[in-house]
Structure formats: C-alpha cells, structure tokens
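The values are calculated or read from the model by the stated rules, or taken from the named source; none is laboratory data. Remember, it's a predicted structure, so these values are computed and weren't measured experimentally. Here the Cβ positions follow ideal geometry from the backbone for every residue, glycine too, while neighbour counts run over all protein chains shown.
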C-alpha cells in the first residue's frame, strides 16, 4: 500500500514528493523474490533488502522515480486493523487503483519516523485539518 507523499492527497493537501513510498507485508523470502523481479524488469538497485532493514530502495529509470519499499515502516503494525483502515486510491491515473494507508495510520507513521522533519509534521497538520471530525481519535490515542 502507498504511504508517504503519494498517500497524502487522499486525506491532506497535495504536495510535490521526491519518491514513491510503498509498504508491503511479506515474509523476507518473498521480499527477496519481489526485489529480484523488479531488478529483472529494469529497476535500478539502490539498496538491497536486508532482514533487519526497514526498507530497500529502487529506481524506476524509465519514469525517473525513486521507490522506497518499506517492510517495517515506522509506527506501522501490519494487522487486521491496519488492513481495515486502508483505502483504495488512484494515485497515478484513473486506470490504476491501489491501497493507501488509512489516515490515522498515516499520522502515526509520520510522527513515528526516526528522521521526522518539518515536512512530515506539515503533512500531519494537513490531514488533521482536512479530516477534522472524521478521524478515529480514540485509535490515535491508543497507538501513541
């Protein structure tokens, strides 16, 4: 599912982003297979999957896009609740649909980042403003 800047327009303001952040829940052996398939399809390797690493990075040379594939996104727990809260979005065009992280988990992910910066906090503020009265505040308080 999408996390980061490409998920933001579903709940907050639209902004430019430097990369595509995708979170996947899969056993490490499947992550390695996915990585291999992406490299076979022409994606350039920036970093490799490692069992303890939270992500690996690829570059889509054809579309000139960096892709961060997160296996352990900050603050995100891959469970039934997370899956229930995700939403379908069309981030690139009307013909391509995928899941994006739910708004509450988006907030948790942004605020949990070890390298959290001003942009992450601005993203959270935009979600809080646009989703005022729609968020599950009990859930947000429980995961802090």
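Some notes on this structure:
- Residues (over 15 Å from residue 111 (Cβ atoms) and more than 20 Å from the chain's Cα centre (by Cα)) located in the stretch 130-144: 132, 133, 134, 138
- Residue within the stretch 11-24 that is at pLDDT 95 or above and surrounded by fewer than 18 Cβ atoms within 10 Å (Cβ to Cβ) present: yes
- The stretch 85-144 holds helices (runs of 4 or more DSSP H) entirely within its bounds, and those carrying 3 or more residues that are in contact (Cβ under 8 Å) with a residue 40 or more places away in the chain and crowded, with 16+ Cβ neighbours inside 10 Å map to 103-112, 118-130.
- Test: residue in the stretch 33-42 that is surrounded by 13 or more Cβ atoms within 10 Å (Cβ to Cβ), out of contact with any helix residue (DSSP H, G or I) (no Cβ under 7 Å at 6 or more places or on another chain) and in contact (Cβ under 8 Å) with a residue 60 or more places away in the chain: no
- For the condition on the phi > 0 side of the Ramachandran plot and either in a helix (DSSP H, G or I) or over 17 Å from the mean Cα position of the chain (by Cα) (or both), residue 75 does not qualify.
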